[in-house]
Amino acid sequence: MTDTEPKNPLAHDVLMTDVKGYEVLAKKLFEHTGIFMDPCEKNYSLMSNRMQKILKKYNCQNYQDFINIINTNNSEAKEDFYQALTTNTTQFFRENEHFIFLKGKMPEIESYILAEKRKEIRIWCAAASTGEEPYTILMCVLESLNPLSNITVKITATDINTLVLEKAKLGVYKKELLESVSPALVLKYFERNANTGEEFLQIKEKYRCMIEFSKFNLNAESYLFINKFDIIFCRNVLIYFTHKAVEEVIVKLSRCLDKKGYLFIAHSEAIMGERLTLKSIAPSVYQLK
């Protein structure tokens, strides 16, 4: 989690020493999102850098001015705050070992779906960010499915940050961000059109339509989905949660997982706890016991 140097050094110095204001905002962030920012110089600087524009927007001179605003239940201010403090670093085929594993398991998943007399593979990307991960999952699954099986792909892609979700829905990316995507996949899944320009490509509409993007808070009390998922990706978000919050999220994710489904978390993350009903079958890949 790194930010550029603040444009207003004086305001930055004031915010860096406002430990009480920081603690109030960090608590509100944790209560709403589950993201824990422990009090340290790195996080003081992070919050200061990300709050500069927000404070200016609401004509605030310090954290307390902004706290007074959100304490009036100003929903726009709250949303601006949460979006400013959520991290959205992602890329295509990030931690590619997971996608290699998924490709190898697709024949098994396909056979199970057909045995269940279903015609749909259900996937949830629970930290979709700007869309690179759900589109990677889509490409991986479509390239691995037997076209004669007539199984359709349904991906639910969620994130707490509505700004990044809007970018994900558009599916427009700089060409330089596609370096980890093979030329064959770029040719098949991306196009240049009126929405892009010379330096950008867009996911083709027929593939964008296979993914439903929506806002979702992993800190919600319960996860209410009509059907269970064959594949769940929840990567590079749990690292910001406390151990207790991680256990609670994993328990709720497990309840959304089909009996033969797969849960993927990031290699840098770990899950543990007495309430967990998962077994590890590969690095950072789990199934129900």
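Given points 7 Å out from each Cα along the Cα-Cβ axis, report the Lys119 to Ala282 separation in nanometres with one decimal.
The two pseudo-label positions are separated by 2.9 nm.
For the chain, just the Cα set please: Rg and Dmax, both in angstrom.
Just the Cα atoms of the chain yield Rg and Dmax of 20.6, 65 Å.
May I ask which of Lys105/Lys259; Lys20/Lys42; Lys228/Lys279; Lys57/Lys174; Lys215/Lys259; Lys105/Lys228 have a Cα-Cα span longer than 20 Å here? Each step should come with its number before you reach the end.
Numbers: Lys105/Lys259 15 Å; Lys20/Lys42 16 Å; Lys228/Lys279 18 Å; Lys57/Lys174 29 Å; Lys215/Lys259 26 Å; Lys105/Lys228 18 Å.
The pairs that break the limit, which is 20 Å between Cα atoms, are Lys57/Lys174; Lys215/Lys259.
For n ≥ 4 DSSP H runs only, could you compute -39500 (n - 2.57) per run for the chain, divide by its residues and tell me the 222 nm figure to the nearest 500? Intermediate values should be presented prior to the final figure.
Details: 11 runs with 124 residues, N = 289.
Calculated at 222 nm, the ellipticity per residue is -13000 deg cm²/dmol.
Which of the lysines could a cross-linker bridge to Lys175, judged by Cα under 22 Å and excluding same-chain residues fewer than eight apart?
By straight Cα distance, Lys175 reaches Lys167, Lys188, Lys204, Lys206.
Enumerate the aspartates and glutamates that Lys78 could reach by cross-link, defined here as Cα to Cα under 18 Å, with residues fewer than 8 away along the same chain left out.
Within reach: Glu23, Glu31, Asp65, Asp159.
Using modelled amide H (1.01 Å from N, peptide plane; none on Pro or chain starts), what sits under 5 Å from the amide H of Phe229, excluding residues fewer than 5 places away?
Amide H neighbours of Phe229: Leu257, Asp258.
List the residues of region 149-186 whose backbone N lies under 18 Å from a point placed 7 Å from the Cα of Lys215 along the Cα-to-Cβ direction.
From region 149-186, the list is 157-170.
Quick one: compute the contact order of region 137-289, relative version, from alpha carbon pairs under 8 angstrom and 6+ residues apart, as a percent.
Values: 188 pairs, mean separation 28.8, N = 153.
Relative CO of region 137-289 lands at 19 percent.
Rounding to the nearest 10 and keeping the result within 0 to 90°, find how far the Cα-based axis of helix 132-144 lies from the longest principal axis of the chain.
Tilt of helix 132-144: around 0 degrees.
Taking a ≥ b ≥ c as the square roots of the Cα gyration tensor eigenvalues, with a/c under 1.5 meaning rounded and otherwise prolate when a/b beats b/c, else oblate, which class fits region 9-85? Write down the numbers at each step before the final one.
Values: a/c = 1.64, a/b = 1.10, b/c = 1.50.
In terms of gyration-tensor shape, oblate.
Calculate the length of the line joining the C-alpha centroid of region 15-65 to that of region 111-130, in whole Å.
After rounding, the separation between the Cα centres reads 39 Å.
Under a 5 Å amide H to amide H cut-off, with H placed in plane at 1.01 Å, what residues pair with Phe213 once short-range neighbours are removed?
Ala157
Would you mind computing, in nm to one decimal, how far apart the modelled labels at Asn193 and Asn62 are, each placed 7 Å from Cα along Cα→Cβ?
It is 5.2 nm.
Could you give me the ³J(HN,Hα) list for region 113-123, computed from phi with Karplus coefficients 6.51, -1.76, 1.60 and θ = phi - 60°, whole Hz, x at Gly and Pro?
With coefficients 6.51, -1.76 and 1.60, one gets 4, 5, 5, 7, 6, 10, 10, 9, 9, 10, 10 Hz.
For the ranges 119-128, 260-269, 22-31, what's the packing order if you count other beta-carbon atoms within 10 Å of each residue, average per peptide, and put the highest first?
Details: 119-128: 22.6, 260-269: 19.7, 22-31: 16.6.
Highest-to-lowest ranking by the protection proxy: 119-128, 260-269, 22-31.
Suppose the chain between Ser111 and Lys20 were pulled fully straight at 0.36 nm per residue; how much longer would it get relative to their current alpha carbon spacing? The partial results should precede the final answer.
Details: separation 91, 0.36 × 91 = 32.76 nm, distance 5.66 nm.
Value of the extension gain: 27.1 nm.
R0 = 30 Å: FRET efficiency of Thr242 with Thr162, Cβ-based, nearest 0.05?
Details: r = 25 Å, r/R0 = 0.82.
The computed FRET efficiency comes out at 0.75.
So, by mean Cβ neighbours within 10 angstrom, what's the order for 43-51, 134-142 with the highest one leading? Let's see the in-between values first.
Details: 43-51: 19.7, 134-142: 23.0.
Top to bottom by mean Cβ count within 10 Å: 134-142, 43-51.
For a quick protection proxy, order the peptides 34-42, 233-241 by their average other-Cβ count within 10 Å, most packed first.
Highest-to-lowest ranking by the protection proxy: 233-241, 34-42.
Only the coordinates and a few stated rules stand behind these numbers; no lab work does. Here the structure is a predicted model, which is why all the values come from computation and not from measurement. As a convention, Cβ positions derive from the backbone with ideal geometry for all residues, glycine included, and neighbour counts pool all protein chains shown.
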